[in-house]
Amino acid sequence: MLLLCMSISIANALGQKSYTLTGSVVDDKNIVLTGAAVVIHPVEAGTVSDYNGNFEIDNLLAGTYTLEVSFIGHHTLTDTITISKNSTYHARLKCTPRHLKEIAIKGNRIDTSKSRKNEVVSTEFMMQNLNGTFIKSLERLPGVNSMDIGANASKPVIRGMGFNRVVVSENGIKQEGQQWGADHGLEIDPFNIETAEIVKGASGIEYGSDAIGGYININNDLVPEEHSFSGTASLLGKSVNGTIGASAYLQGRGENNYFKGRISALDFGDYRVPTDEIVYLNRRIPVYNQRLKNTAGKEYDAYLQYGYLGKTYKTSLTLSNVYQKSGFFPGAHGVPDIDRVQHDGSYRNIDYPHQLANHSKVLSNSKFFLSSGVLLVDLAYQYNLRQEHSLFHTHYANQPAPEKDPNLEFDFRLSTYIANAKYRVTALNNHKVEFGFQNQYRTNTSAGYNFLLPEYNSYALGLFVKDEYQLSDKLTFEAGLRYDASNLHTEAYFDPILYDYFISSGMSTDEATFYAQRSSQINKNYGDISWLLGLFYQPNKNWIARFNIGKAFRMPTAIELASNGVHHGSFRHELGDPDLDSERGYYVDANAEFNIEGLAIGLSPYFYYFSNYLFLQPSGEWSQLPHAGQIYKYSQSEAILMGIEFMARKKLNSRMNADFTLEYVYNRQVSEESSQRYPLPFTPPLNGFVELDYSIFKGLSGLSNTKVFVNTRFASSQNRVARNEESTDGYIIFGAGLSTKLSWPSQNSELVLQGFNLLNKRFYNHMSFYRQVEIPEQGRNIQIMFKVPF
Amino acid sequence: MKNTLILAALVLFFVSCNDDDVDTTKPTIEIIKPAEDARHFHQGDTFDFEALFTDNVALKSYMVEIHYNGDGHDHTAAVKSTTEDDHVEWEQSWSGDLTEAKEDRAAISGIEVPANAEPGEYHLGVYCFDTAGNESQVFIDIEVEEEGHEH
C-alpha cells in the first residue's frame, strides 16, 4: 500500500500527460494472434497480445516511437508511430516461409473460423479467474458449469450435460478417470494451462464416444523461444480454507531441443460455510465455527515436457503426475450422525472418510510436415488410481475387517492406452481434408472392503474423415463422418458375505443371489456412427453466423451396464442394465456474433433430441439392502434438451468495460403421457455473470494494465427437478478485485487480488455433490494470486 | 436491440414449455409412535409403531427398518463389537403398500426387542414413496439397554 501511495505521488509530481496505445494483431489470413510481442522503442514499453489478439500499452508520453510487433513463425513488423493522443494500431503479420520457427508454432494457433463456436482460455484468463480448480475457473463462460465436491474436486458440465458427456483432453489425448462418479474430480493442475479450447456442443467427429455436450482441450504445446531460458513462480492464497499454493515453472530451448517443467503444490484446510448447522433427513447437524469438518486436502503436481524440432517435424514427450488427497464431510456419508462432525481440534487434518486420486500420464505428440499435408501421431498411457478410505464399517454382521488396509473402502486402478493418427491434407485448394483413426484400450481393476464398480476392460476404434470446404471468403462448409467400433467386457462379482447374510436372515436363495451378484459378466459390442454438417458464414467484418447439425453418441459405462448395490455417496441402490444401447443424441446448434468497435454480442441456441438418454430412475421397488430405500435402475428414455447462451461485452468509455453472460437450459423426458415428462437430473438453473472493470493508475510508473472490477454471479431457483432431486433456491453473489502488472520484483509480474461471495451469502449450487445433503457453498473468500516471471 | 428481442422471444418460448403434469413432490412422514419421550427400551420390551404419510398426489408404499448404530460413532466390525457372544445386533424390516390417496397411516403393533439384542443405539428408519416414485425418509434413534439395567 505504501508503495502504491508513493508511486501515485511520483506520478502526480511529474504531472506530464500520458497516452495509451491500443491495437490488435492478426496474421495475413486475419487469424487472431495470441501472445504476439508488442514493444515500443526506445522506451522499451511492451506487452503481449491477449487471446483476442488485442493489446494495450499505456504511460506513453507524446512523441515519435518505433513499434515492433513480433510473433514466432511470422515476419516481425516494424513501424514508426507518432503519439499525440490516445491511438490505435492494427498490426498484420506475414507468415514466414517454412523453417524451424514455423515448425515451432505450427498447429498452436486455435482456428476460430470453424462452424462450431469455440472459446479460448489463456494463461491470462487463468490468472484472473483461478478459483480452486481449472474447471471452476471456467464458470464465467456461458454454458459451462462446474460440478463440485469440496474445495478441489470438480468436473465440467456443458449445456447441462456432465459426467461422461463431456470430453476433457490434453494435447488432443482424452483424459480418462472415474468421471462417471458423482464425487470424482478431474485431475488437472490448475497452474499448468497454457491455452485451453472449450467447445460447447457435440464434437463426436474429433473424439468419438462421450463428446455429446462438448469438449475442453488443454493445449500445453507452446514452444519456448530459441536460445532462451526462463520461468515463472506463482503463489496463491485463499482465505476461505487457508489455501497456500505455489507453482514453479521453467522452460528452455537451445536450437532444436526444448524442455518445460513445472511443480505445483496446494495445501488447504476445512472450508468456511456461512451456516452453523445443516438440516438433513430431519436432523440438525452442527457446523462448528462455520467450518465444514474434514474438507481439508492437498495436491502435488509435477509436469515435464521434452521436445525436439526437426527440419520437417516436431515431437514432444510429456510426463505428468497429479496427486490429490482430500477429505469428505463425514456428515454426508451415511445416516447423519452428530458425533462424527464434532470438531477434532484441527482444521487442516485429513481424517476418514477421504479420497485419494493419482493420475499419471505419458504423452507423445508428433507432427510431420509433408509436402501434401501434416501427419499427426499421438501416443499416450494414463494410469488413474482412485481410492476412498473410510473407517471399516459394514451392515453385515458376518463381514470381518480385512487384515491389510482395513480402512480402504474402494481402490480403482484404470489404465488407458491411446494411439491416434490423423493426416491433414493441406495441398488442396479451398479444402481442408482430415482423416485418421483413434484407438483406446482401458482396463480397470477394483479392490477394497466395499464394492461399487465392476472390473472391466474396453477397446474402441474410431475411423473418421472430415472436410472444410471454403466456398468463398464468406462461406465455409464443414462435413464429418466417423464410425466407432467398441467392445466392453465386465467381470462378474459375487459377494458371499452378502449372500450368507441374507440367507441367515431368512431370504430365499433366488433373492439372496440377486443381491449378492454385485456385478454381472457381460461382453458387448457397439457400433456407432457420428456425423456433422456445418457452415461458417461471415458476410462482413461485423457479423459471423454458424450452424451445425449432427449426431453424437456415448457408450454406456461399466457401472450403467453391470452394477448392483448401494452407491455409498448417493445412498441409493443402483442397478445396471446390460441391455442398454449407446446413448444417441441428434443436435442442431447455431451461433451469431456481432462485433463493432467497442461492442461484441454473441447468441448461441441449441436443441438436442436423444433417442435414449441414459440415467438413473426410481423403480418403485424397495431394496432389501440396509439403508437403501427403493432400487434405482439405469434406464434409457427419449429426451429433449435445449437452451441458449448469450454474451455481450461493451466498452462503456475509454476506461470502463462491461461483460454480461446468460445461460438457460431446458430439458425433459419425451413421453406420450404428460405425467412422465420429467426433467433430467443435474440441470443448471438460469444463470449468468456480470462484470464491470475500470482501468486505474494510468500513467503510473511501475504499474501497468491496472484495473479494478466488480462482478456478480446469479442463478434463478431450479424447481424443474428429476424425481428425488432437491429443488434449489436462486442466489446473487458479489465479487470484486484488482489486477495489475508490476515492474517489481521483475518486469511483467502479475498480481490479482480478489474476493468471491463478498457478502458471505448462504447459497446452494444445484450441481454440487453436497447439494443433496443440504450443505451450502463456500462463504466469503479473499484470495491473492501473484506471478513473477524470471 | 434485435438480439435482445430474439433472446426475449426464445426465453419466453422455453418458459412456456411448462410441464406442470409431472409430480416431483416428495411425500411427508410423521412418526407418531414410538413418541419422542418413549424411545428407550430394554431387551425383551415390546412397543408399537405408527406413522402418518401424506402426499400431494397419491401414496404408494412404505418401509420401516431397524438397525444397530454401534456406540453412536461409526459402524465398526459387528463381529467384534458385540459385548457378549450370545448378543446379536437387532435388524428387522417391514414394508407394505399404502392406499393410493393423499393421506394414509401405517401401524405395526407389538414390535419385540430381542431378548439378546446388543445394547446400544439403534436407528429406526421410515421410508415412503408415492405413485410417481418420489421418496422420503426419516430416521430416529432408539436406545436399547440390558435387561435389569436401571437408568
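The values are calculated or read from the model by the stated rules, or taken from the named source; none is laboratory data. A quick note: this is a predicted structure, and the numbers were derived from the prediction, not measured. Cβ: placed from backbone, ideal geometry, glycine included. Neighbour counts: every protein chain shown. We work out accessible area using only protein heavy atoms, side chains counted, and drop any ligands, DNA or RNA first. Shrake-Rupley method; radii C 1.70, N 1.55, O 1.52, S 1.80 Å.
Please determine whether any residue of region A:221-228 is open to solvent by less than 30 Å² (accessible area, probe 1.4 Å), within 22 Å of the chain's Cα centre (by Cα), touching a residue at least 12 places away in the same chain (Cβ under 8 Å) and under 30 Å from A:Asp484 (Cα atoms).
Yes, the conditions are met somewhere in region A:221-228.
Select from region A:662-687 the residues that are part of a strand (DSSP E or B) and within 12 Å of chain B (Cβ to nearest Cβ) and list them in ascending order. Before you say what the answer is, go through the steps one by one.
Just the residues of region A:662-687 that are part of a strand (DSSP E or B), to begin with: A:662-669, A:687.
Of everything in region A:662-687, those that are part of a strand (DSSP E or B) and within 12 Å of chain B (Cβ to nearest Cβ) turn out to be A:Leu662, A:Glu663, A:Tyr664, A:Val665, A:Tyr666, A:Asn667, A:Arg668, A:Gln669.
How many residues does region A:518-547 hold that are within 30 Å of A:Ala600 (Cα to Cα) and of a type in the set (Val, Ile, Thr)?
Of all residues in region A:518-547, those within 30 Å of A:Ala600 (Cα to Cα) come to A:532-547.
Checking which are of a type in the set (Val, Ile, Thr) leaves us with A:544.
Total satisfying the criteria: 1.
Is there any pair with a first residue in region A:760-773 that is in the same structural domain as A:Ser717 (by TED's automatic domain parsing) and a second that is open to solvent by 40 Å² or more (accessible area, probe 1.4 Å) and among the β-branched types (Val, Ile, Thr) whose Cβ atoms are under 9 Å apart and which are 6 or more apart or on different chains, and what are they?
A:Lys761/A:Ile732; A:Phe763/A:Ile732
So A:Arg677 passes all but one of these: (1) open to solvent by 30 Å² or more (accessible area, probe 1.4 Å); (2) farther than 21 Å from A:Phe786 by Cα; (3) touching a residue at least 12 places away in the same chain (Cβ under 8 Å). Which condition number does it fail?
Looking at each condition in turn, A:Arg677 falls short on (3).
I'd like to check something: does region A:223-242 contain any residue that is within 28 Å of A:Asn444 (Cα to Cα) and in the same structural domain as A:Leu758 (by TED's automatic domain parsing)? Full working, then the answer.
Looking only at region A:223-242, we keep the residues that are within 28 Å of A:Asn444 (Cα to Cα), and these are none.
So far as region A:223-242 goes, no, none of its residues is within 28 Å of A:Asn444 (Cα to Cα) and in the same structural domain as A:Leu758 (by TED's automatic domain parsing).
Has region A:331-343 got any residue that is under 20 Å from A:Phe191 (Cβ atoms) and either within 28 Å of the chain's Cα centre (by Cα) or not assigned by TED's automatic domain parsing to the domain that holds A:Gln290 (or both)?
Looking only at region A:331-343, we keep the residues that are under 20 Å from A:Phe191 (Cβ atoms), and these are none.
No - not one qualifying residue is present in region A:331-343.
Condition test on A:Leu575, is it open to solvent by 20 Å² or more (accessible area, probe 1.4 Å) and closer than 28 Å to A:Ser209 by Cα?
On the way: open to solvent by 20 Å² or more (accessible area, probe 1.4 Å): yes; closer than 28 Å to A:Ser209 by Cα: yes.
So A:Leu575 fits the description; yes.
Can you tell me which of (1) within 29 Å of B:Asp130 (Cβ to Cβ); (2) within 12 Å of another protein chain (Cβ to nearest Cβ); (3) polar (S, T, N, Q) is the one A:Ser604 doesn't meet?
(1)
Okay, residues lined up against (1) more than 30 Å from A:Met507 (Cα to Cα); (2) in contact with a helix residue (DSSP H, G or I) (Cβ under 8 Å, 6 or more places away or on another chain); (3) charged (D, E, K, R):
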| residue | (1), (2), (3) |
| --- | --- |
| A:Ala592 | yes, yes, no |
| A:Gly598 | yes, no, no |
| A:Ile601 | yes, yes, no |
| A:Phe607 | yes, no, no |
| A:Gly629 | no, no, no |
| A:Asn653 | yes, no, no |
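Taking the conditions exactly as written (within 23 Å of A:Gly208 (Cβ to Cβ) and not hydroxyl-bearing (Ser, Thr, Tyr)), does A:Asn407 satisfy them or not?
Values: within 23 Å of A:Gly208 (Cβ to Cβ): no; not hydroxyl-bearing (Ser, Thr, Tyr): yes.
Spelling it out, it is not the case that A:Asn407 is within 23 Å of A:Gly208 (Cβ to Cβ) and not hydroxyl-bearing (Ser, Thr, Tyr).
With respect to the numbered conditions (1) modelled with pLDDT of 90 or more; (2) surrounded by fewer than 21 Cβ atoms within 10 Å (Cβ to Cβ); (3) facing another protein chain (nearest Cβ under 9 Å); (4) under 19 Å from B:His40 (Cα atoms), which one is the sole condition not fulfilled by B:Ser95?
(4)
Do we find a residue being open to solvent by less than 60 Å² (accessible area, probe 1.4 Å) and within 14 Å of chain B (Cβ to nearest Cβ) anywhere in region A:355-372?
no
Please enumerate the residues belonging to region A:279-335 that are among the basic types (Lys, Arg), crowded, with 22+ Cβ neighbours inside 10 Å and in a strand (DSSP E or B).
So in region A:279-335, the residues among the basic types (Lys, Arg) come out as A:283-284, A:291, A:293, A:298, A:311, A:314, A:325.
Restricting the remaining residues to those that are crowded, with 22+ Cβ neighbours inside 10 Å gives A:293, A:314.
Correct list: A:Lys314 only.
Kindly check whether there is at least one residue in region A:483-497 that is within 19 Å of A:Glu574 (Cβ to Cβ) and among the aromatic types (Phe, Trp, Tyr). Lay out the reasoning, then the answer.
Quick first cut of region A:483-497, residues within 19 Å of A:Glu574 (Cβ to Cβ) only: A:488, A:490-495.
Filter once more, keeping what is among the aromatic types (Phe, Trp, Tyr): A:493-494.
Yes, region A:483-497 has at least one match.
Identify all residues within region A:452-508 that are in a loop (DSSP other than H, G, I, E, B), open to solvent by less than 40 Å² (accessible area, probe 1.4 Å) and more than 22 Å from A:Thr416 (Cα to Cα); write none if there are none. Even if it seems obvious, please write down each step before you answer.
Let us first name the residues in region A:452-508 that are in a loop (DSSP other than H, G, I, E, B), namely A:452-455, A:471-474, A:491-492, A:495, A:505-508.
Now drop any that are not open to solvent by less than 40 Å² (accessible area, probe 1.4 Å), which leaves A:452-454, A:495, A:507.
Passing the criteria: A:Asp495, A:Met507.
When you scan region A:410-430, how many residues do you find that are at pLDDT below 90 and buried (at least 16 other Cβ atoms within 10 Å of the Cβ)?
Going through region A:410-430 one residue at a time, the tally reaches 0.
Hey, among A:Pro400, A:Pro454, which residue is at pLDDT below 95, closer than 30 Å to A:Asp500 by Cα and away from chain B (no Cβ under 14 Å)?
Details: A:Pro400 fails: away from chain B (no Cβ under 14 Å).
Criteria check complete, one pass: A:Pro454.
Given the conditions (1) away from chain B (no Cβ under 14 Å); (2) touching a residue at least 40 places away in the same chain (Cβ under 8 Å), and given that A:Asn657 satisfies all but one, which numbered condition is not satisfied?
That leaves (2) as the condition not met.
Among the residues of region A:155-164, is any aromatic (Phe, Trp, Tyr), farther than 25 Å from A:Ala421 by Cβ and crowded, with 24+ Cβ neighbours inside 10 Å? Steps first, answer last, please.
Initially, region A:155-164 is screened for residues aromatic (Phe, Trp, Tyr), giving A:163.
Next, from what is left, pick out any that are farther than 25 Å from A:Ala421 by Cβ: A:163.
Those still in the list that are crowded, with 24+ Cβ neighbours inside 10 Å too: none.
Scanning region A:155-164, I find no residue that is aromatic (Phe, Trp, Tyr), farther than 25 Å from A:Ala421 by Cβ and crowded, with 24+ Cβ neighbours inside 10 Å, so the answer is no.
Of the conditions (1) out of contact with any Ser or Thr (no Cβ under 7 Å at 6 or more places or on another chain); (2) on the phi > 0 side of the Ramachandran plot, A:Gly629 fails just one. Which one is it?
Every listed condition holds for A:Gly629 apart from (1).
Looking at region B:51-91, which of the residues that are modelled with pLDDT under 90 and part of a strand (DSSP E or B) is nearest to the other protein chains (Cβ to nearest Cβ)? Quick ask: steps written out before the conclusion?
So the first thing to find is which residues in region B:51-91 are modelled with pLDDT under 90, and the list is B:67-91.
When the remaining residues are screened for being part of a strand (DSSP E or B), the result is B:67-68, B:88.
Values: B:His67: 6, B:Tyr68: 9, B:Val88: 7 Å.
Out of the qualifying residues, it is B:His67.
Only one residue in A:Glu583, A:Glu621, A:Glu638, A:Glu645 is closer than 30 Å to A:Trp531 by Cα and within 11 Å of chain B (Cβ to nearest Cβ), so which one is that?
A:Glu645
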